[in-house]
Amino acid sequence: MKKHRIAGLALALGLLMISPAAASEGMPEVVLGDVQVTIQPAEHQAEPTQITVSSSRPVVTDAQQRILEKYYQILPELKKLTLQTAGESSIEGTWDFQFYQTPPQGSSPVWAANAQLIVAANTGELEILRISHPQWATEELPPAELAKQQAAQFIKQLMGDKADLYRLNPSLGYGGSSSSDSEGNELHWSTASVSFDPVINGIPVLYNELQVDVDAAGRITGFYRHQSALRDVSSFPDPAKAISQPVAAAIMNQLIQMKLRYVQHQPLQYAPGWSNKPRETRPVLMYIPEFESAIDAFTGKPAWGEDYLSSQGERVKLTGAGKPLFAQTSEEAAKILTEEFNVDMSKLEFEQLFEREDVLQGDKKYKHYLWRTAGDAEVGMNRKYVQLHTVAATGEILRFSVQEDVTVDEEARVSPELLRQKAVQLVENYLPAGAAEMELVTFNFSAVPDWVDKQQLKKEKLPQPTTSFVFYPLHQGIPVSDGAYAVSVNNITGEVTEYAKGGLDTAVTLPDSQGVVAAEVARAEYLKNHPLQLIYRWPEWFGQRAAKPELVYMLNADIGWGYIDAFTGKTVMIQNGSTQNP
């Protein structure tokens, strides 16, 4: 049985517009539309530990038993499962308890329930909780108020009076997981993630939240303590010295530029990206903000995030060669990966092939191929995964991605110019034959913050530095968000690690751009629904923290998911099942 963990995206506002060909995990998510996305740090997305089922009960100390009894009271579901292992966790200073329930005789392993509880050994404080029960499987999401209510009740049970030191973040994230076997049996779990931010000086602190996962029935299925010690509270800047909110709003008004974007398949209602449920869509012309960062609360200067650096869009003229890419079998796919994209497949073994329907275009099915390092369990960190997706009916290759755990032991040595040239040449190979003008946006995912001590970095934990190039086709001179081609290139080796085919859907008629409201109207609407708020954030980068926390003004994203219609200048909200104006 394979367990597939899907990283939760804390989607604070709007929609993630992405080509159907690129709508699966692996490719750097391209933020398009009215959206603010926070991706969980990698250390909080670890694969669930494989459970070895034993007929003997583990030895549990008195101290461990007292801790278990506490959590049995809070989470009675745990007591219904069999404790399989109890011992030290891979996280220093913690205990790891794992639970299991054998599936009915003769049924698929996907029907096995399991859970994991990681607690601090000295205090018993909960660090991580995961519960996966086949009877709880659903692609439905909980109503927002139910998720918040159940999460708040759980935090109160868990922390007592200390819960008052946290503020419930109104913005929900969504995530989930799936379980499948070689026979094609598959289960999906969908959850809403509710975050609780610590509060200092009456101001929430980002990046130190408690996260609670809640399913459609209001059950608690996960908990994650994304926290580091906040040190001396006196190190937090005094908010009384910050510029006033009206001054900050005037600065933000100058920074935000609204841009027109087409979307060919705009969902009319929200559903998780891993859902198999078809979604009705429509073509849309919308306004999106070009600046969605924060400003320093004392200087008013932009305070850019450290996750990646992106370029302003530039218009480029390309010449497509119209080269076809088709694979009907895993052997054909592996050959193309080797010959067309120079992917070394020599030490990989083919593991899995499964089909899924396209939730945005329900009449299409896609094949997903997966290869991984042979003897993966024995090679430790040196793992490699390759995924490739095709149209099931034709074998047309839509995307591939390479993920490899290797040590970063040198600075980037391929120039930005050569990286860009490689991406352009690759896209030109597979563009339809003829001249094409596109908008190119570049994302550099290897930027190291200035305050990081590079000598102290544990290189084996660092991601491979990559640069991603996203090419948007144009309609009436306006970029089409979900028609983008995307290429990621390793900054050190110059090898292509990801590719996604884009293109315009000939079955979709995009609206004429005549008659749109002025960008100033869209900006006023956007700022009306996104008032500024003061936020503390203490940047952290792979185990290192900045010398002191920052105080910034950020746009409040509590409104939910939506976009600004380019013809009315009004916000269109996307709910769990409906599209409406606020």
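The values are calculated or read from the model by the stated rules, or taken from the named source; none is laboratory data. All of these numbers come straight from a predicted model, not from anything done at the bench. Because the Cβ atoms are built from the backbone with ideal geometry, glycine has one as well, and the counts that use them run over all protein chains shown. Remember, those area values only see protein heavy atoms, side chains included, never the ligands or the DNA or RNA. Shrake-Rupley method; radii C 1.70, N 1.55, O 1.52, S 1.80 Å.
Structural remarks
- Any hit, region 306-313, residues being at pLDDT 90 or above and closer than 28 Å to residue 469 by Cβ: no
- The residue list 241, 277, 259 contains one member that is at pLDDT below 90, open to solvent by 40 Å² or more (accessible area, probe 1.4 Å) and of a type in the set (D, E, K, R), which is 277.
- Filter pass, residue 120 being surrounded by fewer than 22 Cβ atoms within 10 Å (Cβ to Cβ), modelled with pLDDT of 90 or more and not charged (D, E, K, R): yes
Every residue, every condition in (1) at pLDDT 85 or above; (2) of a type in the set (Lys, Arg); (3) in contact with a Leu (Cβ under 9 Å, 6 or more places away or on another chain), yes or no:
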residue: 443; (1), (2), (3): yes, no, yes
residue: 449; (1), (2), (3): no, no, no
residue: 455; (1), (2), (3): no, no, no
residue: 470; (1), (2), (3): yes, no, yes
residue: 498; (1), (2), (3): yes, no, no
residue: 505; (1), (2), (3): yes, no, no
residue: 514; (1), (2), (3): yes, no, no
residue: 517; (1), (2), (3): yes, no, no
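- In the set (1) at pLDDT 90 or above; (2) in a loop (DSSP other than H, G, I, E, B); (3) under 26 Å from the mean Cα position of the chain (by Cα), the condition left unmet by residue 381 is number (1).
- Some residue of region 79-94 being within 22 Å of residue 226 (Cβ to Cβ), among the charged types (D, E, K, R) and modelled with pLDDT under 95: yes
- Residue in region 368-377 that is within 27 Å of the chain's Cα centre (by Cα), modelled with pLDDT under 70 and within 25 Å of residue 178 (Cβ to Cβ) present: yes
- Which numbered condition residue 167 fails, given (1) open to solvent by 10 Å² or more (accessible area, probe 1.4 Å); (2) more than 28 Å from residue 95 (Cβ to Cβ); (3) in contact (Cβ under 8 Å) with a residue 60 or more places away in the chain: (3)
- Scope region 473-495; condition over 21 Å from the mean Cα position of the chain (by Cα) and outside any loop (DSSP other than H, G, I, E, B); matching residues: 473, 474, 475, 478, 479, 480
- Some residue of region 525-542 being in contact with a helix residue (DSSP H, G or I) (Cβ under 7 Å, 6 or more places away or on another chain), open to solvent by less than 10 Å² (accessible area, probe 1.4 Å) and either of a type in the set (A, V, I, L, M) or in the same structural domain as residue 246 (by the TED database) (or both): no
- Single condition residue 561 does not satisfy, out of (1) surrounded by fewer than 16 Cβ atoms within 10 Å (Cβ to Cβ); (2) modelled with pLDDT under 90: (1)
- Selected residue (criterion: most open to solvent (accessible area, probe 1.4 Å)) from residues of region 145-155 that are in contact (Cβ under 8 Å) with a residue 60 or more places away in the chain and of a type outside the set (Phe, Trp, Tyr): 149
- A single entry from 184, 202 fulfils the requirement of being at pLDDT 90 or above, of a type outside the set (Lys, Arg) and at positive phi: 202.
- The number of residues in region 475-496 being modelled with pLDDT of 95 or more, out of contact with any helix residue (DSSP H, G or I) (no Cβ under 8 Å at 6 or more places or on another chain) and not small (Gly, Ala, Ser) comes to 5.
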